[in-house]
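K.L.:
Questions regarding the structure given below will be posed in turn.
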Amino acid sequence: MSQRPKSLPEKLHGSAVSWEGWTFHILSSPAGLRFVDLVGTPFSQLAGQLKARVVPDDASNDEILGQVRDYLRGDRRTFDLPLDLRGTPFQESVWRAMAKIPYGDTTTYGALAAGIGRPQAARAVGQAVGANPVPIVVPCHRVVGTSGSLTGFGGGLPLKERLLALEQGSLSL
């Protein structure tokens, strides 16, 4: 009896971007940007987390890297990248709504929930925001608490504060 060969894990192209002491890891598939890690998790750990092979490859990520660097310099307000997002239909609806939050603006979890027609789902929206696989590009840092307070962010609150300051034209922290 012959065994069926096991398929190899999906190959993702990995790159790193450094900015003001932070290191972000960018992962893409042939279909588009798949994952942005805000805390510099080693590629080997990201590979295990995503059940993929991560191959360092700046050439494949050239357009993504250029747009992210332009944004971090304050030269880009929107992204024009193909995305390869993996989530539930609800998560994807939240991510599409987040992508529409204008540069320099913020919104609340409740307003985001109302905007997708689920006004009672602020907590579920918060979970979907937290599961956003491509922060910065899909700007979850623009979502704040009801009082305008900064709340959870995968890269930590100092990074969230800095990204908002970048967008609001304030260079000081």
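K.L.:
Restricting to DSSP H runs of at least four residues, report the calculated mean residue ellipticity at 222 nm for the chain, -39500 (n - 2.57) per run over all residues, nearest 500 deg cm²/dmol. Don't skip to the answer; put the middle values down first.
P.N.:
Working: 6 runs with 57 residues, N = 173.
Estimated from H runs of four or more residues: -9500 deg cm²/dmol.
K.L.:
Using only Cα atoms, tell me the angle between helix 157-167 and the longest principal axis of the chain; keep it within 0 to 90° and round to the nearest 10.
P.N.:
70 degrees
K.L.:
Just to confirm the filter: which chymotrypsin sites (Phe, Trp or Tyr not before Pro) across the stretch 87-173 are DSSP coil and have at most 15 other Cβ within 10 angstrom of their Cβ? Working shown, then result.
P.N.:
Details: sites: 90, 95, 103, 109, 153; in loops: 103, 153.
In loop regions of the stretch 87-173 (DSSP not H, G, I, E or B), the sparsely surrounded chymotrypsin sites (Phe, Trp or Tyr not before Pro) are 103.
K.L.:
Further question: Could you tell me what percent of the DSSP beta bridges with both partners in the stretch 10-72 are antiparallel, to the nearest 5?
P.N.:
Numbers: 12 of 17 bridges.
Close to 70 percent.
K.L.:
Using only C-alpha atoms and all pairs of different ones, pull out the Kirkwood radius for the stretch 89-167 in Å with one decimal.
P.N.:
Numbers: mean 1/r = 0.0820 Å⁻¹.
Kirkwood radius, the stretch 89-167: 12.2 Å.
K.L.:
Right, another one. Which trypsin sites (Lys or Arg not before Pro) does the stretch 54-93 hold that lie in a coil by DSSP with at most 14 other beta carbons within 10 Å?
P.N.:
On the way: sites: 69, 73, 76, 77, 86; in loops: 73, 76, 77, 86.
Passing sites in the stretch 54-93 are 73, 77, 86.
K.L.:
May I ask you to derive the relative contact order of the chain, considering only C-alpha pairs under 8 Å and at least 6 residues apart, and to give it as an integer percent?
P.N.:
Values: 252 pairs, mean separation 32.4, N = 173.
Across the chain, relative contact order equals 19 percent.
K.L.:
Let me make sure I get this right: for the stretch 10-72, a, b and c are the square roots of the gyration tensor eigenvalues over alpha carbons, sorted descending. Under 1.5 in a/c it's rounded, otherwise prolate if a/b > b/c, else oblate. Which is it?
P.N.:
On the way: a/c = 2.22, a/b = 1.27, b/c = 1.74.
Oblate is the answer for the stretch 10-72, as a/c is 1.5 or above yet b/c matches or exceeds a/b.
K.L.:
Quick one: dipole size for the stretch 89-167, taken about the Cα centre, charges +1 on Lys/Arg Cβ and -1 on Asp/Glu Cβ, in debye to the nearest 20. Walk me through the numbers before you get to the answer.
P.N.:
Working: 7 positive and 4 negative charges, 25 e Å.
Computed charge dipole of the stretch 89-167: roughly 120 debye.
K.L.:
Could I ask something else about it? Among residues other than residue 127 whose Cβ falls under 14 Å from its Cβ, what is the net charge (Lys/Arg +1, Asp/Glu -1)? Write out the running numbers ahead of the final one.
P.N.:
Details: positive: 118, 123; negative: 92.
Overall, the nearby charge balance is +1.
K.L.:
Okay, next question. For residue 53, which sequence-distant residues (separation of 5 or more, or a different chain) have an amide H within less than 5 Å of its own amide H, given hydrogens modelled in the peptide plane?
P.N.:
10, 11, 12
K.L.:
Relative to the longest principal axis of the chain, what angle (0 to 90°, nearest 10) does the C-alpha long axis of helix 62-72 take?
P.N.:
With both axes taken from Cα atoms, the answer is about 20 degrees.
Taken together, the values in this text are just the output of simple stated rules run on the coordinates, not laboratory data. Note that the structure is predicted; figures quoted are calculated from it, not measured. Neighbour counts run over all protein chains shown; Cβ positions are idealised from the backbone, glycine included.
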